[in-house]
Ligand SMILES: [Ca+2]
């Protein structure tokens, strides 16, 4: 009896305990399943986001590449057409369009409309002296402090001889990239690339390492034109820019005929004035929301067609 009672009691108690244990197990399984579902769903949405961003990235990549190829084809077409008349006078207009939701912009930068900084590593001494004078005036136009001595330092940095007065770790050779000038003593990053807030043009945007020879007056900025001739007035610059929009200049005689610039000024400009281009930088940007793809190519147009001298691409997202 006692044993029975005890048994019954023990049995009841055991069932109670087993029931409690089962509840805990069930609760545990439910919680585990909830956690698994949540983590799976998080993983899925994470993968989905990643896949979507990859798809966006590829879409932009091909939009940018297609734009670059199209721009090059346009240049070569223009080059082939212009060959009989001499050469391309000025780069095509910049473009902007949307394709498949991707915003594409194409900027053509004329390297021939910039000052050839590697002229310091080539040519005769008189020409180099002249180039240093122009560079000093350009720095002056752009409010770079100590313009004359900085221009001399740039010359020393690039020219072959190592006995200049301002040399320190000079390259004494042609530059590959304008940013190498950051090593020139007295020339700051702000002088070269401008102040972040300012809208004004930068020295870097008016210098080129890609070619030698004259500066294309059909694309050069006013500051550089004024640097080429100290006599050139603000009014002359406005006149040149207004006239070249109508029709690019063909030659120095054309410049003389179509503007009121004095003969003294024209003769001062003659040595450095160019009227065509053979080298252009293409800057392509493809944008989708906050994703950006960029391609930059330097194109040299010569007798057969064109070559890419340099190319780089990058993404931002
Ligand atoms: Ca030197």
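The values are calculated or read from the model by the stated rules, or taken from the named source; none is laboratory data. Owing to the predicted nature of the structure, the values given are computational and were not obtained by experimental measurement. Ideal geometry is used to build each Cβ from the backbone, glycine not excepted, and the neighbour counts take in all protein chains shown.
The set of residues in the range 88-108 that are surrounded by fewer than 19 Cβ atoms within 10 Å (Cβ to Cβ) and at negative phi comprises 92, 93, 94, 95, 96, 97, 98, 99, 103, 105, 107. When the range 131-149 is filtered for residues that are in contact with a helix residue (DSSP H, G or I) (Cβ under 6 Å, 6 or more places away or on another chain) and not in a loop (DSSP other than H, G, I, E, B), the ones remaining, listed by number, are 131, 132, 134, 135, 136, 137, 138, 139, 140, 141, 147, 148. Please verify whether residue 46 is over 30 Å from residue 278 (Cβ atoms) and at pLDDT below 90, treating the condition exactly as stated. Against the criterion (over 30 Å from residue 278 (Cβ atoms) and at pLDDT below 90), residue 46 qualifies. Consider the range 187-210 and keep the residues that are at pLDDT 90 or above and in a loop (DSSP other than H, G, I, E, B). The one that is surrounded by the fewest Cβ atoms within 10 Å (Cβ to Cβ) is 188.
Of the residues 138, 181, which is touching a residue at least 40 places away in the same chain (Cβ under 8 Å) and in contact with a strand residue (DSSP E or B) (Cβ under 7 Å, 6 or more places away or on another chain)?
On the way: 181 fails: in contact with a strand residue (DSSP E or B) (Cβ under 7 Å, 6 or more places away or on another chain).
Unique residue meeting the criteria: 138.
Scanning the range 264-307 for residues being assigned to a strand (DSSP E or B) and touching a helix residue (DSSP H, G or I) at 6+ places or on another chain (Cβ under 8 Å) gives a total of 22.
Quick check on residue 166: is it outside any strand (DSSP E or B), within 13 Å of the ligand (Cβ to nearest atom) and touching a helix residue (DSSP H, G or I) at 6+ places or on another chain (Cβ under 6 Å)? Give the derivation first.
Working: outside any strand (DSSP E or B): yes; within 13 Å of the ligand (Cβ to nearest atom): yes; touching a helix residue (DSSP H, G or I) at 6+ places or on another chain (Cβ under 6 Å): yes.
Yes, satisfied.
Residue 155 falls short of the stated requirement of being more than 13 Å from the ligand (Cβ to nearest atom), touching a residue at least 12 places away in the same chain (Cβ under 8 Å) and outside the structural domain of residue 307 (by TED's automatic domain parsing).
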